[in-house]
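A short write-up of the structure that comes next.
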Amino acid sequence: MIEKLEIYTDGSYRPSDDFGAYGFIAISGDRKISQVWTKEKTTNNVMEIMAVYAALLFIKDHEIDQEFDVIHIFCDSSYVVNSTTLW
């Protein structure tokens, strides 16, 4: 059986108080892990990038790539997706 991990990332920024947040949710079967961070004086694009970066660090630091056959990372930011696939 193929072991699959799905990681959903997101970042956001609220300009009214110059506050941002980013994080991810990792899901495999009924196992779920979520992590969230906050940051002041940032931008939305930075938060989107940091969300994917945090997911990649999670994979590296916990040697997740050795545990799963397939890892999918989902991101709703066209800026991040295009910067890693097109530019």
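The values are calculated or read from the model by the stated rules, or taken from the named source; none is laboratory data. Quick caveat, the model's predicted, so the values are computed rather than measured. Here the Cβ is made from the backbone with ideal geometry for all residues, glycine too, and neighbour counts use every protein chain on show. Areas reflect the complete protein model, heavy atoms only, side chains present, ligands, DNA and RNA absent. Shrake-Rupley method; radii C 1.70, N 1.55, O 1.52, S 1.80 Å.
General observations
- Exactly one residue out of 42, 9 is out of contact with any Lys or Arg (no Cβ under 9 Å at 6 or more places or on another chain), polar (S, T, N, Q) and in contact (Cβ under 8 Å) with a residue 60 or more places away in the chain: that is 9.
- Just one residue in the set 59, 27 is closer than 16 Å to residue 8 by Cα and modelled with pLDDT under 95; that residue is 59.
- Residues satisfying the criterion are absent from segment 15-25 (criterion: open to solvent by less than 60 Å² (accessible area, probe 1.4 Å), of a type in the set (S, T, N, Q) and more than 23 Å from residue 84 (Cα to Cα)).
- Elements of type strands (runs of 3 or more DSSP E) in the chain, at least 2 residues being in contact with a Pro (Cβ under 7 Å, 6 or more places away or on another chain): none
- Residue match in segment 27-37 (condition: buried (at least 18 other Cβ atoms within 10 Å of the Cβ) and either touching a residue at least 40 places away in the same chain (Cβ under 8 Å) or within 12 Å of residue 6 (Cα to Cα) (or both)): no
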